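Scroll down for the structure; my scribbles are underneath it.
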Amino acid sequence: MSYDLYLWHGPQPVTAQQAMTICHQLARSHDGGVVPDAAVLAFHQELIGRFPPLETLGDDDVDDSPWNMSPDATADRVILCMGLSRASKIGPFILELAKRHRLVCFDPSTGVVHNPPPPRPPSSLLLESCDGGLIIDPGPEDLRSQLERLSRANFYACLEREEGWFVQVGIGPRAGNVPDGKFALEYREGDPDRHYRVLVDSLDDAVTLFEDFAADRDSYKTAFAWARY
């Protein structure tokens, strides 16, 4: 099975619905209304420097490649087609690289759009939802209202202080097969080995987690039966 991602330069954040429209146009070889940018090809060059295209590999190396097809890049966009079993390994690198080059990264199979983070002061908070929503330094009312918008389509929200330091909530099958009526809470403290997860029954628990993290309170670390994720 294949797992595809579409990336392009976006001067403004886009919603998941807008990203899907652009994606469909790009898939039909239209420009999708996106603007060519040097960052697109710079991203591509750095990516294939780490994971070379198939045509450059010997027979013994092809099986270890993450690609089902070599990355397809123009000045407008990059289209990636990966083996599903390898997507979880290469995915974090792609997202980090896209963030560094300030590209939109869209997964049409789930409708998740990652907009490049807006400029923000050091140590500020960024609230992101999978439908493309971005809020810098959200207040308590923002936290609750965004979490109340969780749905099967908009299935996660993440509150990040800095790269690798965040809390997150997800629901439904796309968030790791979360059972109906449950919420998957997560927190991470930098290193991937310090990533924890727990299932809870109440949205209020998710709100409390986000509020405590935003206020720099550590009480959430002992409030739940966390397991390493």
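The values are calculated or read from the model by the stated rules, or taken from the named source; none is laboratory data. Remember, it's a predicted structure, so these values are computed and weren't measured experimentally. When we count neighbours, we look across all protein chains shown, and the Cβ atoms used for this are built from the backbone with ideal geometry, even at glycine. Heavy atoms of the whole protein, side chains included, go into the accessibility calculation; ligands, DNA and RNA do not. Shrake-Rupley method; radii C 1.70, N 1.55, O 1.52, S 1.80 Å.
A few points about this structure:
- Output for segment 63-81, where each listed residue is among the charged types (D, E, K, R), outside any strand (DSSP E or B) and free of Cβ contacts under 8 Å to residues at least 40 places away in the same chain: 63, 64
- Each residue in segment 21-45 was checked for being under 22 Å from residue 112 (Cβ atoms) and either among the β-branched types (Val, Ile, Thr) or part of a helix (DSSP H, G or I) (or both), and 12 pass.
- Condition check for residue 178: closer than 24 Å to residue 112 by Cα, part of a strand (DSSP E or B) and open to solvent by less than 40 Å² (accessible area, probe 1.4 Å): no
- The single residue among 135, 171 that is open to solvent by less than 40 Å² (accessible area, probe 1.4 Å), of a type in the set (Val, Ile, Thr) and within 22 Å of residue 95 (Cβ to Cβ) turns out to be 171.
- Qualifying residues in segment 1-57 (those that are small (Gly, Ala, Ser) and touching a strand residue (DSSP E or B) at 6+ places or on another chain (Cβ under 6 Å)) - the one nearest to residue 70 (Cα to Cα): 2
- When 95, 84, 103 are checked against the criterion of being of a type in the set (A, V, I, L, M), touching a residue at least 12 places away in the same chain (Cβ under 8 Å) and over 16 Å from residue 47 (Cα atoms), a single residue qualifies: 84.
- Taking the listed residues 205, 216, 212, the one that is assigned to a loop (DSSP other than H, G, I, E, B), acidic (Asp, Glu) and more than 19 Å from the chain's Cα centre (by Cα) is 216, with no other qualifying.
- Residue match in segment 84-92 (condition: open to solvent by 10 Å² or more (accessible area, probe 1.4 Å) and either at positive phi or modelled with pLDDT of 90 or more (or both)): no
- The residues of segment 1-13 that are assigned to a loop (DSSP other than H, G, I, E, B) and either within 15 Å of residue 109 (Cβ to Cβ) or open to solvent by 20 Å² or more (accessible area, probe 1.4 Å) (or both), listed by number, are 1, 11, 12, 13.
- Within segment 182-202, restricting attention to residues that are open to solvent by 40 Å² or more (accessible area, probe 1.4 Å) and either at pLDDT below 95 or in a helix (DSSP H, G or I) (or both), the residue that is farthest from residue 141 (Cα to Cα) is 193.
- Selection status of residue 60, open to solvent by 30 Å² or more (accessible area, probe 1.4 Å), in a helix (DSSP H, G or I) and either at pLDDT 95 or above or farther than 19 Å from residue 106 by Cβ (or both): yes
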